[in-house]
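Have a look at the structure below before the remarks.
The values are calculated or read from the model by the stated rules, or taken from the named source; none is laboratory data. The structure presented is a predicted model; accordingly, all values stated were derived computationally and were not measured. Every residue, glycine as well, gets a Cβ built from its backbone with ideal geometry; the counts of neighbours run over all protein chains shown.
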Amino acid sequence: MTDRSPDTTTSRGPASRTDVDIATGVLVGVQGGSVSAAVDDLFSTARDNRVSLFELARAVITLAEGGDRGDTETRRVALARWGAHLAPRSASEDSVSA
């Protein structure tokens, strides 16, 4: 019998609808706004740049986690559209001056 438990490791397998839902939540969290606006933004960005919606969602999640999965067209699209919101903060921004 195969194990059908969800994979929560960094390599989650093929991008899926769950990734779209998670990426939508990420975009709402970093940009504010509504779920509907975030979904529309994700869909239109994928369509306008002719990249897979699912792979774009995975790229948003990976960038939000601070991960780096190489230099793909989809990753470049995500960085161009949401990079300012998703880029990890530098150590200087995290430190509090005395």
note = When segment 1-57 is checked residue by residue, the ones that are at pLDDT below 90, surrounded by 13 or more Cβ atoms within 10 Å (Cβ to Cβ) and of a type in the set (A, V, I, L, M, F, W, C) are A15
request  = For segment 60-87, enumerate the residues that are at pLDDT 90 or above and of a type in the set (K, R).
outcome  = R75, R76, R81
